[in-house]
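I have placed the structure first, in the form of C-alpha coordinates, so that the comments after it can refer back to it.
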Amino acid sequence: MDSLITAAARALAAGDPLGALKRVALRDDAPALALRGIAMAQLGDLVRAKALLRTAARAFGAKEAVARARCVVAEAEIALVARDLGWPAKALDAARSTLEQHGDRLNAAHARYLEVRRLLLIGRLDEAERRLAELDPTFSTPASRVIHQLVVAGIAVRRLRTAVARAALTEAEGAARQAGIPALTAEVHSASLTLSTPAARLITSGQERIVMLEEVEALLASKALVVDACRHVVRDARTQVCLARRPVLFVLARALGEAWPGDVPRETLVARAFRGRRADESHRARLRVEIGRLRKLLRKLASVKATERGFVMLPQRAPNVVVLARPIESDHAAVLAFLTDGESWSSSALALALATSQRGVQRALDSLAGAGKVQSFGRGRARRWMTPPLPGFTTTLLLPAALPID
(Lines give C-alpha, C1' and ligand atoms only; values in the text may rest on other atoms or scores of the structure.)
Protein backbone atom coordinates (compact mmCIF):
# COMPACT_ATOMS: atom_id res chain seq x y z
CA MET A 1 0.00 0.00 0.00
CA ASP A 2 1.49 3.38 -0.99
CA SER A 3 1.95 6.27 1.41
CA LEU A 4 -1.07 8.31 0.19
CA ILE A 5 -3.44 5.36 0.63
CA THR A 6 -2.04 4.71 4.11
CA ALA A 7 -2.36 8.39 5.05
CA ALA A 8 -5.93 8.55 3.74
CA ALA A 9 -6.87 5.40 5.69
CA ARG A 10 -5.40 6.88 8.86
CA ALA A 11 -7.36 10.10 8.31
CA LEU A 12 -10.59 8.13 8.01
CA ALA A 13 -9.75 6.16 11.16
CA ALA A 14 -9.40 9.47 12.98
CA GLY A 15 -12.74 10.74 11.65
CA ASP A 16 -11.23 13.18 9.13
CA PRO A 17 -12.95 12.46 5.77
CA LEU A 18 -11.80 15.75 4.21
CA GLY A 19 -8.20 14.92 5.04
CA ALA A 20 -8.65 11.54 3.36
CA LEU A 21 -10.19 13.08 0.23
CA LYS A 22 -7.29 15.50 -0.13
CA ARG A 23 -5.03 12.51 -0.62
CA VAL A 24 -7.11 10.30 -2.93
CA ALA A 25 -9.74 12.53 -4.57
CA LEU A 26 -8.04 12.48 -7.97
CA ARG A 27 -7.20 8.78 -8.02
CA ASP A 28 -9.32 6.06 -9.64
CA ASP A 29 -7.47 2.93 -8.55
CA ALA A 30 -9.46 0.43 -6.46
CA PRO A 31 -8.02 1.28 -3.00
CA ALA A 32 -8.55 5.00 -3.61
CA LEU A 33 -12.13 4.44 -4.78
CA ALA A 34 -12.88 2.44 -1.63
CA LEU A 35 -11.46 5.13 0.63
CA ARG A 36 -13.30 7.85 -1.27
CA GLY A 37 -16.51 5.89 -0.80
CA ILE A 38 -16.06 5.73 2.95
CA ALA A 39 -15.11 9.41 3.09
CA MET A 40 -18.27 10.37 1.20
CA ALA A 41 -20.31 8.24 3.60
CA GLN A 42 -18.81 10.02 6.60
CA LEU A 43 -19.71 13.31 4.92
CA GLY A 44 -23.30 12.14 4.52
CA ASP A 45 -23.48 11.45 0.77
CA LEU A 46 -24.57 7.84 1.12
CA VAL A 47 -25.72 7.41 -2.48
CA ARG A 48 -22.34 8.47 -3.88
CA ALA A 49 -20.56 6.42 -1.23
CA LYS A 50 -22.40 3.25 -2.19
CA ALA A 51 -21.63 3.77 -5.89
CA LEU A 52 -17.93 4.29 -5.19
CA LEU A 53 -17.69 1.17 -3.03
CA ARG A 54 -19.38 -0.97 -5.66
CA THR A 55 -17.01 0.37 -8.30
CA ALA A 56 -14.08 -0.35 -6.02
CA ALA A 57 -15.26 -3.91 -5.41
CA ARG A 58 -15.39 -4.54 -9.16
CA ALA A 59 -12.00 -2.90 -9.67
CA PHE A 60 -10.18 -5.18 -7.24
CA GLY A 61 -8.71 -8.19 -9.01
CA ALA A 62 -9.69 -11.81 -8.64
CA LYS A 63 -6.84 -12.38 -6.21
CA GLU A 64 -7.98 -9.51 -3.97
CA ALA A 65 -10.88 -11.31 -2.27
CA VAL A 66 -10.17 -9.66 1.08
CA ALA A 67 -10.35 -6.16 -0.39
CA ARG A 68 -13.64 -6.96 -2.12
CA ALA A 69 -15.02 -8.41 1.12
CA ARG A 70 -14.10 -5.22 2.98
CA CYS A 71 -16.00 -3.20 0.38
CA VAL A 72 -19.06 -5.41 0.86
CA VAL A 73 -18.93 -4.89 4.62
CA ALA A 74 -18.49 -1.13 4.22
CA GLU A 75 -21.48 -1.02 1.86
CA ALA A 76 -23.51 -3.01 4.39
CA GLU A 77 -22.75 -0.43 7.07
CA ILE A 78 -23.86 2.35 4.77
CA ALA A 79 -27.10 0.42 4.24
CA LEU A 80 -27.51 0.10 8.01
CA VAL A 81 -27.03 3.83 8.54
CA ALA A 82 -29.39 4.58 5.65
CA ARG A 83 -31.87 2.17 7.26
CA ASP A 84 -31.90 -0.12 4.22
CA LEU A 85 -32.61 -3.07 6.47
CA GLY A 86 -33.46 -5.39 3.61
CA TRP A 87 -29.87 -5.64 2.38
CA PRO A 88 -28.76 -9.18 1.50
CA ALA A 89 -27.55 -10.83 4.67
CA LYS A 90 -25.99 -13.69 2.68
CA ALA A 91 -23.55 -11.31 0.94
CA LEU A 92 -22.42 -9.89 4.27
CA ASP A 93 -22.09 -13.36 5.76
CA ALA A 94 -19.96 -14.48 2.81
CA ALA A 95 -17.76 -11.40 3.15
CA ARG A 96 -17.32 -12.05 6.87
CA SER A 97 -16.36 -15.66 6.17
CA THR A 98 -13.74 -14.51 3.63
CA LEU A 99 -12.25 -12.07 6.12
CA GLU A 100 -12.07 -14.72 8.82
CA GLN A 101 -10.41 -17.21 6.49
CA HIS A 102 -7.72 -14.66 5.61
CA GLY A 103 -7.04 -13.67 9.22
CA ASP A 104 -8.67 -10.23 9.12
CA ARG A 105 -10.32 -10.63 12.52
CA LEU A 106 -10.92 -6.92 13.06
CA ASN A 107 -13.06 -6.41 9.96
CA ALA A 108 -14.71 -9.82 10.34
CA ALA A 109 -15.81 -8.82 13.84
CA HIS A 110 -17.11 -5.55 12.45
CA ALA A 111 -19.25 -7.49 9.98
CA ARG A 112 -20.70 -9.47 12.89
CA TYR A 113 -21.50 -6.23 14.71
CA LEU A 114 -23.41 -5.04 11.66
CA GLU A 115 -25.50 -8.20 11.73
CA VAL A 116 -26.21 -7.72 15.43
CA ARG A 117 -27.15 -4.05 15.01
CA ARG A 118 -29.57 -4.90 12.23
CA LEU A 119 -31.22 -7.53 14.43
CA LEU A 120 -31.48 -4.97 17.21
CA LEU A 121 -33.17 -2.44 14.91
CA ILE A 122 -35.82 -4.89 13.77
CA GLY A 123 -36.50 -6.04 17.32
CA ARG A 124 -35.04 -9.57 17.20
CA LEU A 125 -33.47 -9.18 20.63
CA ASP A 126 -32.94 -12.85 21.47
CA GLU A 127 -30.97 -13.49 18.30
CA ALA A 128 -29.05 -10.22 18.66
CA GLU A 129 -28.12 -11.11 22.23
CA ARG A 130 -27.03 -14.60 21.24
CA ARG A 131 -24.78 -13.36 18.43
CA LEU A 132 -23.34 -10.60 20.58
CA ALA A 133 -22.30 -13.18 23.18
CA GLU A 134 -20.09 -14.79 20.52
CA LEU A 135 -18.01 -11.61 20.20
CA ASP A 136 -15.16 -10.76 22.56
CA PRO A 137 -14.36 -7.03 22.56
CA THR A 138 -11.39 -7.36 24.92
CA PHE A 139 -8.67 -7.22 22.29
CA SER A 140 -10.47 -5.08 19.69
CA THR A 141 -9.88 -1.42 18.86
CA PRO A 142 -11.43 1.36 20.98
CA ALA A 143 -13.88 2.11 18.15
CA SER A 144 -15.04 -1.51 18.06
CA ARG A 145 -15.47 -1.51 21.84
CA VAL A 146 -17.71 1.54 21.53
CA ILE A 147 -19.94 -0.29 19.04
CA HIS A 148 -20.02 -3.39 21.26
CA GLN A 149 -21.10 -1.41 24.32
CA LEU A 150 -23.68 0.55 22.33
CA VAL A 151 -25.28 -2.71 21.25
CA VAL A 152 -25.19 -4.01 24.83
CA ALA A 153 -26.88 -0.78 25.96
CA GLY A 154 -29.46 -0.96 23.17
CA ILE A 155 -30.50 -4.47 24.13
CA ALA A 156 -30.55 -3.57 27.84
CA VAL A 157 -32.73 -0.51 27.25
CA ARG A 158 -35.27 -2.55 25.29
CA ARG A 159 -35.31 -5.16 28.04
CA LEU A 160 -35.61 -2.46 30.72
CA ARG A 161 -32.29 -3.27 32.39
CA THR A 162 -31.22 0.28 33.09
CA ALA A 163 -28.26 -0.57 35.35
CA VAL A 164 -26.75 -2.73 32.60
CA ALA A 165 -27.42 -0.02 30.02
CA ARG A 166 -25.84 2.69 32.17
CA ALA A 167 -22.72 0.59 32.78
CA ALA A 168 -22.39 -0.18 29.06
CA LEU A 169 -22.73 3.49 28.13
CA THR A 170 -20.08 4.43 30.68
CA GLU A 171 -17.74 1.88 29.08
CA ALA A 172 -18.65 3.21 25.64
CA GLU A 173 -17.90 6.79 26.70
CA GLY A 174 -14.42 5.82 27.89
CA ALA A 175 -13.69 3.88 24.71
CA ALA A 176 -14.93 6.79 22.58
CA ARG A 177 -12.53 9.17 24.35
CA GLN A 178 -9.72 6.71 23.70
CA ALA A 179 -10.70 6.42 20.02
CA GLY A 180 -10.74 10.20 19.65
CA ILE A 181 -13.44 10.18 16.95
CA PRO A 182 -15.99 12.99 17.46
CA ALA A 183 -18.75 11.11 15.62
CA LEU A 184 -18.46 8.16 18.00
CA THR A 185 -18.56 10.46 21.02
CA ALA A 186 -21.71 12.07 19.62
CA GLU A 187 -23.33 8.68 19.11
CA VAL A 188 -22.61 7.65 22.69
CA HIS A 189 -24.02 10.95 23.95
CA SER A 190 -27.17 10.47 21.86
CA ALA A 191 -27.64 6.95 23.23
CA SER A 192 -27.12 8.18 26.79
CA LEU A 193 -30.03 10.58 26.45
CA THR A 194 -32.36 7.58 26.51
CA LEU A 195 -31.76 7.20 30.25
CA SER A 196 -32.35 10.88 31.04
CA THR A 197 -35.31 11.51 28.74
CA PRO A 198 -38.95 11.00 29.83
CA ALA A 199 -39.91 7.46 28.91
CA ALA A 200 -43.60 7.35 29.79
CA ARG A 201 -46.49 8.89 31.71
CA LEU A 202 -47.70 7.23 34.89
CA ILE A 203 -51.45 7.59 35.52
CA THR A 204 -52.75 6.55 38.91
CA SER A 205 -55.94 7.51 40.75
CA GLY A 206 -56.71 10.15 38.14
CA GLN A 207 -53.31 11.85 38.48
CA GLU A 208 -50.46 11.63 36.01
CA ARG A 209 -46.74 12.40 35.94
CA ILE A 210 -43.73 11.85 33.71
CA VAL A 211 -41.40 8.95 34.58
CA MET A 212 -37.91 8.00 33.43
CA LEU A 213 -36.82 4.57 32.22
CA GLU A 214 -35.49 3.53 35.63
CA GLU A 215 -38.87 4.31 37.19
CA VAL A 216 -40.61 2.24 34.52
CA GLU A 217 -38.31 -0.68 35.32
CA ALA A 218 -39.05 -0.35 39.03
CA LEU A 219 -42.78 -0.11 38.39
CA LEU A 220 -42.89 -3.28 36.30
CA ALA A 221 -40.97 -5.12 39.04
CA SER A 222 -43.37 -3.90 41.74
CA LYS A 223 -46.56 -5.53 42.99
CA ALA A 224 -48.81 -3.06 41.14
CA LEU A 225 -51.26 -4.11 38.46
CA VAL A 226 -50.00 -2.23 35.39
CA VAL A 227 -52.09 -1.44 32.34
CA ASP A 228 -49.21 -0.88 29.92
CA ALA A 229 -50.34 1.34 27.05
CA CYS A 230 -46.83 1.29 25.55
CA ARG A 231 -47.00 -2.45 24.80
CA HIS A 232 -50.76 -2.99 25.14
CA VAL A 233 -50.52 -5.53 27.92
CA VAL A 234 -51.95 -5.85 31.43
CA ARG A 235 -49.55 -7.33 33.98
CA ASP A 236 -48.63 -7.76 37.58
CA ALA A 237 -45.49 -9.27 39.11
CA ARG A 238 -46.43 -12.82 38.07
CA THR A 239 -48.82 -12.72 35.11
CA GLN A 240 -49.06 -10.87 31.81
CA VAL A 241 -51.97 -10.68 29.38
CA CYS A 242 -51.34 -9.26 25.92
CA LEU A 243 -54.19 -7.27 24.37
CA ALA A 244 -52.26 -5.93 21.36
CA ARG A 245 -54.62 -7.75 18.98
CA ARG A 246 -57.73 -6.83 20.99
CA PRO A 247 -57.80 -3.01 20.75
CA VAL A 248 -61.35 -2.59 22.05
CA LEU A 249 -60.61 -4.70 25.11
CA PHE A 250 -57.44 -2.75 25.79
CA VAL A 251 -59.29 0.57 25.56
CA LEU A 252 -61.74 -0.72 28.16
CA ALA A 253 -58.92 -2.00 30.41
CA ARG A 254 -57.14 1.32 30.19
CA ALA A 255 -60.26 3.32 30.99
CA LEU A 256 -60.91 1.14 34.03
CA GLY A 257 -57.25 1.41 35.10
CA GLU A 258 -57.20 5.19 34.85
CA ALA A 259 -60.32 5.49 36.99
CA TRP A 260 -59.23 3.02 39.68
CA PRO A 261 -60.28 2.80 42.51
CA GLY A 262 -63.42 4.42 41.13
CA ASP A 263 -65.75 3.08 38.48
CA VAL A 264 -66.32 4.29 34.90
CA PRO A 265 -69.78 5.24 33.62
CA ARG A 266 -71.16 3.11 30.80
CA GLU A 267 -71.51 6.20 28.60
CA THR A 268 -67.80 6.93 29.00
CA LEU A 269 -66.82 3.38 28.14
CA VAL A 270 -69.04 3.41 25.05
CA ALA A 271 -67.55 6.71 23.90
CA ARG A 272 -63.96 5.52 24.33
CA ALA A 273 -64.32 1.97 23.04
CA PHE A 274 -66.88 2.42 20.26
CA ARG A 275 -66.68 6.18 19.71
CA GLY A 276 -70.40 6.42 20.17
CA ARG A 277 -71.76 9.82 21.16
CA ARG A 278 -74.71 8.36 23.01
CA ALA A 279 -75.03 4.94 24.63
CA ASP A 280 -78.17 3.41 23.09
CA GLU A 281 -79.33 -0.12 23.82
CA SER A 282 -77.22 -1.68 21.04
CA HIS A 283 -74.12 0.01 22.44
CA ARG A 284 -74.95 -1.21 25.94
CA ALA A 285 -75.41 -4.77 24.67
CA ARG A 286 -72.07 -4.65 22.84
CA LEU A 287 -70.40 -3.21 25.93
CA ARG A 288 -71.68 -6.12 28.04
CA VAL A 289 -70.25 -8.58 25.51
CA GLU A 290 -66.83 -6.90 25.44
CA ILE A 291 -66.71 -6.55 29.22
CA GLY A 292 -67.45 -10.26 29.46
CA ARG A 293 -64.52 -11.00 27.16
CA LEU A 294 -62.24 -8.69 29.12
CA ARG A 295 -63.34 -10.25 32.40
CA LYS A 296 -62.46 -13.72 31.07
CA LEU A 297 -58.99 -12.68 29.83
CA LEU A 298 -58.08 -10.83 33.03
CA ARG A 299 -59.50 -13.36 35.48
CA LYS A 300 -56.05 -14.17 36.93
CA LEU A 301 -55.17 -10.50 37.31
CA ALA A 302 -58.37 -8.67 38.17
CA SER A 303 -62.13 -8.91 38.24
CA VAL A 304 -64.38 -6.44 36.43
CA LYS A 305 -67.50 -5.75 38.46
CA ALA A 306 -70.68 -3.96 37.44
CA THR A 307 -71.69 -0.95 39.50
CA GLU A 308 -74.84 1.12 39.51
CA ARG A 309 -73.49 3.51 36.88
CA GLY A 310 -70.82 1.43 35.10
CA PHE A 311 -67.91 -0.91 35.80
CA VAL A 312 -64.90 -1.04 38.12
CA MET A 313 -61.63 -3.01 38.02
CA LEU A 314 -60.66 -4.89 41.20
CA PRO A 315 -57.13 -6.41 41.23
CA GLN A 316 -56.83 -9.97 42.48
CA ARG A 317 -53.38 -9.74 44.11
CA ALA A 318 -52.03 -6.24 43.45
CA PRO A 319 -52.49 -3.45 46.00
CA ASN A 320 -53.15 -0.82 43.33
CA VAL A 321 -53.74 -0.26 39.61
CA VAL A 322 -51.70 2.12 37.45
CA VAL A 323 -51.60 2.97 33.76
CA LEU A 324 -48.32 3.38 31.89
CA ALA A 325 -48.74 5.53 28.77
CA ARG A 326 -46.43 6.97 26.14
CA PRO A 327 -45.01 10.44 26.88
CA ILE A 328 -46.81 11.83 23.82
CA GLU A 329 -49.77 10.03 22.32
CA SER A 330 -50.77 10.70 18.74
CA ASP A 331 -51.73 8.90 15.59
CA HIS A 332 -48.94 6.77 14.11
CA ALA A 333 -46.85 7.10 17.27
CA ALA A 334 -44.98 3.86 16.57
CA VAL A 335 -43.73 5.13 13.20
CA LEU A 336 -42.74 8.44 14.73
CA ALA A 337 -40.86 6.66 17.53
CA PHE A 338 -38.53 4.95 15.05
CA LEU A 339 -37.85 8.20 13.19
CA THR A 340 -36.75 9.98 16.36
CA ASP A 341 -33.41 8.14 16.31
CA GLY A 342 -32.13 10.90 14.02
CA GLU A 343 -31.47 8.65 11.01
CA SER A 344 -33.28 8.57 7.68
CA TRP A 345 -35.55 5.56 7.14
CA SER A 346 -37.08 4.03 4.05
CA SER A 347 -40.72 2.98 4.26
CA SER A 348 -39.69 -0.64 3.60
CA ALA A 349 -37.28 -0.58 6.56
CA LEU A 350 -39.97 0.87 8.82
CA ALA A 351 -42.39 -1.83 7.71
CA LEU A 352 -39.76 -4.48 8.50
CA ALA A 353 -39.02 -3.00 11.93
CA LEU A 354 -42.72 -2.62 12.78
CA ALA A 355 -43.70 -6.01 11.32
CA THR A 356 -46.48 -4.44 9.29
CA SER A 357 -47.31 -3.67 5.66
CA GLN A 358 -45.30 -1.14 3.70
CA ARG A 359 -48.50 0.43 2.37
CA GLY A 360 -49.77 1.02 5.90
CA VAL A 361 -46.46 2.63 6.84
CA GLN A 362 -46.61 4.83 3.73
CA ARG A 363 -50.08 6.07 4.69
CA ALA A 364 -48.81 6.86 8.18
CA LEU A 365 -45.81 8.75 6.78
CA ASP A 366 -48.01 10.77 4.45
CA SER A 367 -50.23 11.70 7.37
CA LEU A 368 -47.26 12.69 9.55
CA ALA A 369 -45.76 14.69 6.69
CA GLY A 370 -49.03 16.55 6.26
CA ALA A 371 -48.90 17.48 9.93
CA GLY A 372 -45.29 18.70 9.58
CA LYS A 373 -43.93 16.04 11.92
CA VAL A 374 -41.71 14.28 9.36
CA GLN A 375 -40.07 15.16 6.09
CA SER A 376 -38.73 13.19 3.15
CA PHE A 377 -36.05 13.50 0.51
CA GLY A 378 -35.28 11.53 -2.62
CA ARG A 379 -37.67 9.75 -4.93
CA GLY A 380 -38.79 6.23 -5.61
CA ARG A 381 -36.75 3.53 -3.89
CA ALA A 382 -34.25 6.17 -2.75
CA ARG A 383 -36.87 8.09 -0.77
CA ARG A 384 -36.07 8.48 2.92
CA TRP A 385 -38.00 9.83 5.88
CA MET A 386 -36.76 11.61 8.99
CA THR A 387 -37.79 13.96 11.74
CA PRO A 388 -36.35 17.46 11.22
CA PRO A 389 -33.63 18.45 11.80
CA LEU A 390 -31.40 15.58 10.65
CA PRO A 391 -28.32 15.09 12.87
CA GLY A 392 -24.88 14.43 11.40
CA PHE A 393 -23.51 11.08 10.37
CA THR A 394 -22.57 9.39 13.63
CA THR A 395 -21.61 5.84 12.80
CA THR A 396 -18.03 4.73 12.22
CA LEU A 397 -17.65 3.14 8.83
CA LEU A 398 -15.47 0.15 8.15
CA LEU A 399 -12.07 0.91 6.68
CA PRO A 400 -11.41 -1.16 3.53
CA ALA A 401 -7.85 -1.73 4.72
CA ALA A 402 -6.92 -2.80 8.24
CA LEU A 403 -4.69 -0.27 9.97
CA PRO A 404 -1.82 -1.05 12.30
CA ILE A 405 -2.68 -0.36 15.93
CA ASP A 406 -0.39 2.21 17.52
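The table that follows gives values for the structure above.
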{"quantity": "Total charge dipole magnitude, the stretch 84-218, about the Cα centre, Cβ charges on Lys, Arg, Asp, Glu only, Debye to nearest 20", "calculated": "80 debye"}
{"quantity": "Prolate/oblate/rounded call for the stretch 10-98, Cα gyration tensor, a/c under 1.5 rounded", "calculated": "oblate"}
{"quantity": "Average projection area in nm² (convex hull over Cα atoms of the stretch 266-380, one quarter of hull surface)", "calculated": "10.7 nm²"}
{"quantity": "HIS332 accessible area, assembled protein chains, probe 1.4 Å, Å²", "calculated": "70 Å²"}
{"quantity": "Surrounding net charge for ALA167, when Lys and Arg each add one and Asp and Glu each subtract one, Cβ distance under 12 Å", "calculated": "0"}
{"quantity": "Alpha-carbon centroids, the stretch 305-378 and the stretch 206-280: separation in whole Å", "calculated": "15 Å"}
{"quantity": "Surface accessible to a 1.4 Å probe, LEU213 within the full protein complex, Å²", "calculated": "20 Å²"}
{"quantity": "Charge sum, other residues only, whose C-beta stays under 13 Å from ASP331's C-beta, Lys/Arg counted +1 and Asp/Glu -1", "calculated": "+1"}
{"quantity": "Net dipole in debye of the chain [+1 Lys, Arg Cβ; -1 Asp, Glu Cβ; about Cα centre; nearest 20]", "calculated": "1660 debye"}
{"quantity": "Cα gyration tensor, the stretch 1-157 - rounded (a/c under 1.5), prolate or oblate", "calculated": "prolate"}
{"quantity": "Derived scalar couplings ³J(HN,Hα) [the stretch 203-212; Karplus, 6.51 cos²θ - 1.76 cosθ + 1.60; whole Hz; x for Gly, Pro]", "calculated": "10, 9, 6, x, 10, 9, 8, 7, 10, 8"}
{"quantity": "ARG159-ARG58 FRET efficiency (beta carbon distance; Förster radius 45 Å; 0.05 resolution)", "calculated": "0.60"}
{"quantity": "Positive-pole candidate from PHE311, TRP260, VAL241, dipole of the chain, charges at beta carbon", "calculated": "PHE311"}
{"quantity": "Most to least accessible of LYS305, LYS63, LYS50, LYS22 (protein chains only, probe 1.4 Å)", "calculated": "LYS63, LYS22, LYS305, LYS50"}
{"quantity": "Residues of the chain: accessible area per residue with a 1.4 Å probe, Å²", "calculated": "50 Å²"}
{"quantity": "For q = 0.09, 0.12, 0.14 Å⁻¹, Debye-computed log10 I/I(0) when each Cα of the stretch 155-263 counts as one equal scatterer", "calculated": "-0.33, -0.54, -0.67"}
{"quantity": "Fraction of accessible area attributable to carbon and sulfur, the stretch 78-178 (%, probe 1.4 Å)", "calculated": "50 percent"}
{"quantity": "Kirkwood-type radius of the chain, with distances r between different C-alpha atoms, in Å", "calculated": "23.8 Å"}
{"quantity": "Exposure ranking of CYS242, CYS230, CYS71 by accessible area [1.4 Å probe, largest first]", "calculated": "CYS242, CYS230, CYS71"}
{"quantity": "Stretchable slack from ARG231 to ARG326, in nm (0.36 nm times residue separation minus alpha-carbon distance)", "calculated": "33.2 nm"}
{"quantity": "Cα gyration tensor shape of the stretch 53-146, rounded if a/c is under 1.5, else prolate or oblate by comparing a/b with b/c", "calculated": "oblate"}
{"quantity": "ASP228 long-range amide H proximity, modeled H, under 5 Å", "calculated": "VAL233, VAL234, ARG235, LEU324"}
{"quantity": "Which of GLY206, VAL226, VAL188, positive extreme of dipole for the stretch 186-227 (C-beta unit charges)", "calculated": "GLY206"}
{"quantity": "Accessible area of the stretch 226-326 belonging to carbon and sulfur atoms, whole % at 1.4 Å probe", "calculated": "47 percent"}
{"quantity": "Nearest-0.05 FRET efficiency for ARG48 and LEU4, computed from C-beta distance (R0 25 Å)", "calculated": "0.75"}
{"quantity": "Which of HIS110, LEU92, ALA51, positive extreme of dipole for the stretch 49-160 (C-beta unit charges)", "calculated": "ALA51"}
{"quantity": "Net charge of Cβ neighbours under 11 Å - reference THR185; Lys, Arg +1; Asp, Glu -1", "calculated": "-1"}
{"quantity": "Unit charges on C-beta of K, R, D, E only; dipole of the stretch 80-131, Debye", "calculated": "80 debye"}
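The values are calculated or read from the model by the stated rules, or taken from the named source; none is laboratory data. All of these numbers come straight from a predicted model, not from anything done at the bench. Heads up, the Cβs are rebuilt from the backbone with ideal geometry, glycines too, and the neighbour counts pull from every protein chain shown. With ligands, DNA and RNA removed, areas are computed over all heavy atoms of the protein, side chains included. Shrake-Rupley method; radii C 1.70, N 1.55, O 1.52, S 1.80 Å.
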